[in-house]
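**Q** Okay, here's the structure, questions in a sec.
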Amino acid sequence: EPALSIRGLTKVYGNGFNALKGIDLDVQQGDFFALLGPNGAGKSTTLGVVCSLVQKTAGQVSIFGIDIDRDFANAKYQLGVVPQEFNFNQFEKVIDIVLAQAGYYGMPRSEALPRAKQLLTELGLWDKRNGGARMLSGGMKRRLMIARALMHRPKLLILDEPTAGVDIELRRSMWEYLRRINQDEGTTIILTTHYLEEAESLCRNIAIINHGEIVRNTSIRELLAEL
Ligand code: ADP
Ligand code: ADP
């Protein structure tokens with residue numbers, strides 16, 4: 001079964017705005033997938049529905065075959081999410097932010113500590129673990145959210161504009177890291193971006209969304225062959 005399957009997804013916001021107009025999308029296990037589109041196209045709304053942060057108006061969403069309406073509690077174990085905005089408590093310590101995540105997923109402390117050490121080390125944050133998150137640079141905060149999202153070893157990692165506002169050097173190192181967890185650990189990755197270059201350098205498959213509709217769904221290779 002696909003890592004993510006979306007059928008007929010529609011979202012009409014409270015003000016009557018129709019942000020998603022019945023989209024269909026499949027992302028296969030092990031894929032590195034980009035949802036590409038201009039600002040306002042509906043990318044964040046789509047991810048918001050998948051993560052159960054946005055209530056859909058109509059349609060079905062399954063994560064590894066689990067319908068999120070039937071069993072989001074179970075689906076969420078497969079899912080790691082890196083939102084666009086910093087959504088952690090800036091006054092908490094770095095280590096506490098990642099350990100709290102492990103707590104939500106019922107990971108025992110004996111497992112959570114080594115996992116936190118591994119991820120914070122890989123992402124260059126281990127030395128900062130005992131400091132407040134507010135002391136971190138913007139790029140470090142973004143890496144902290146990646147570490148937090150990976151704590152419970154999700155099979156699907158979703159990132160909303162992960163490199164927005166990130167300088168080119170850090171962007172490259174984040175790309176490198178994401179590539180590695182996709183290749184070495186087989187984690188399925190879906191990211192949204194409005195940079196074709198980002199999709200091109202990282203992803204195998206792509207969907208282009210515009211005005212709440214999927215206008216293309218193809219491999220990067222085919223897309224580039226046409227340009
Ligand atoms: P829903 O229909 O899913 O309940 P709402 O229409 O109630 O969503 O809006 C949720 C929040 O998003 C509100 O605080 C609203 O002010 C805000 N919001 C409204 N319009 C926009 C917009 N165009 N972009 C982003 N946020 C918006
Ligand atoms: P993207 O992530 O591709 O930039 P979004 O999914 O954030 O696009 O937004 C899609 C459209 O829905 C935009 O026109 C946006 O203004 C609108 N929108 C987003 N959130 C809300 C909301 N809460 N209420 C009303 N309109 C919204």
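The values are calculated or read from the model by the stated rules, or taken from the named source; none is laboratory data. Owing to the predicted nature of the structure, the values given are computational and were not obtained by experimental measurement. Cβ sites come from the backbone with ideal geometry, for glycine too, and all protein chains shown count toward neighbours. Only protein heavy atoms, including side chains, enter the accessible area calculation; ligands, DNA and RNA are left aside. Shrake-Rupley method; radii C 1.70, N 1.55, O 1.52, S 1.80 Å.
**Q** Filter region 148-163 for residues that are more than 16 Å from ligand 1 (Cβ to nearest atom) and within 12 Å of the chain's Cα centre (by Cα) and give the result.
**A** Arg148, Ala149, Leu150, Pro154, Lys155, Leu156, Leu157, Ile158, Leu159, Pro162, Thr163
**Q** If you don't mind, there's one more thing I want to ask. For region 14-36, how many residues are of a type outside the set (A, V, I, L, M, F, W, C), near ligand 2 (Cβ under 9 Å from one of its atoms) and open to solvent by less than 20 Å² (accessible area, probe 1.4 Å)?
**A** Of the residues in that region, 0 qualify.
**Q** Check Thr193, Thr188 and return the single one that is farther than 22 Å from Ala225 by Cα and within 16 Å of the chain's Cα centre (by Cα).
**A** Thr188
**Q** Run Ser62 past the list (1) in contact with a helix residue (DSSP H, G or I) (Cβ under 6 Å, 6 or more places away or on another chain); (2) at pLDDT 95 or above; (3) open to solvent by less than 40 Å² (accessible area, probe 1.4 Å); (4) of a type outside the set (Phe, Trp, Tyr) and report the number of the one that doesn't hold.
**A** The one condition Ser62 does not meet is (1).
**Q** Also, quick follow-up: Closer than 27 Å to Arg142 by Cα, surrounded by fewer than 19 Cβ atoms within 10 Å (Cβ to Cβ) and more than 16 Å from ligand 1 (Cβ to nearest atom): is that true of Ala100 in this structure?
**A** Judged against the criteria, Ala100 is a match.
**Q** Please name all residue pairs, on different chains or six or more residues apart, with Cβ atoms under 6 Å, provided the first residue is in region 194-213 and is on the phi > 0 side of the Ramachandran plot and the second residue is open to solvent by 40 Å² or more (accessible area, probe 1.4 Å) and modelled with pLDDT of 95 or more.
**A** That search, which allows pairs on different chains as well, returns Gly212/Lys21.
**Q** For region 163-220, give me every one of the strands (runs of 3 or more DSSP E) that falls completely inside it and has 1 or more residues that are in contact with a Ser or Thr (Cβ under 9 Å, 6 or more places away or on another chain) and open to solvent by 60 Å² or more (accessible area, probe 1.4 Å).
**A** In region 163-220, there are no strands (runs of 3 or more DSSP E) which contain 1 or more residues that are in contact with a Ser or Thr (Cβ under 9 Å, 6 or more places away or on another chain) and open to solvent by 60 Å² or more (accessible area, probe 1.4 Å).
**Q** Which one of these is within 16 Å of ligand 2 (Cβ to nearest atom) and closer than 20 Å to Tyr177 by Cβ: Gln118, Gln84, Gln101?
**A** Gln84
**Q** Here is a list: Leu150, Leu123. Which entry is touching a Lys or Arg at 6+ places or on another chain (Cβ under 6 Å), over 22 Å from His194 (Cβ atoms) and open to solvent by less than 70 Å² (accessible area, probe 1.4 Å)?
**A** Leu123
**Q** If you scan region 37-50, which residues turn out to be open to solvent by 10 Å² or more (accessible area, probe 1.4 Å), polar (S, T, N, Q) and within 18 Å of Val61 (Cα to Cα)?
**A** Correct list: Ser44, Thr45.
**Q** Here's something else I'd like to know. From the list Ile181, Ile189, Ile95, Ile168, which one is out of contact with any helix residue (DSSP H, G or I) (no Cβ under 8 Å at 6 or more places or on another chain) and either away from ligand 2 (no atom under 16 Å from the Cβ) or more than 15 Å from Val81 (Cβ to Cβ) (or both)?
**A** After ruling out the rest, the residue left standing is Ile168.
**Q** If you don't mind, another one. Check whether at least one residue in region 71-79 is away from ligand 2 (no atom under 15 Å from the Cβ) and in contact with a Phe, Trp or Tyr (Cβ under 7 Å, 6 or more places away or on another chain), and report yes or no.
**A** Yes, there is a match, as at least one residue in region 71-79 is away from ligand 2 (no atom under 15 Å from the Cβ) and in contact with a Phe, Trp or Tyr (Cβ under 7 Å, 6 or more places away or on another chain).
**Q** Quick one: how many residues across region 40-68 are without any contact (Cβ under 8 Å) to a residue 60 or more places away in the chain and away from ligand 1 (no atom under 16 Å from the Cβ)?
**A** 3
**Q** In region 6-39, what residues are within 16 Å of ligand 1 (Cβ to nearest atom) and within 18 Å of the chain's Cα centre (by Cα)?
**A** Within region 6-39, Gly37, Pro38, Asn39 qualify.
**Q** Considering each of Arg134, Arg115 in turn, give the residue that is crowded, with 18+ Cβ neighbours inside 10 Å and part of a helix (DSSP H, G or I).
**A** Going through Arg134, Arg115 in turn, the sole match is Arg115.
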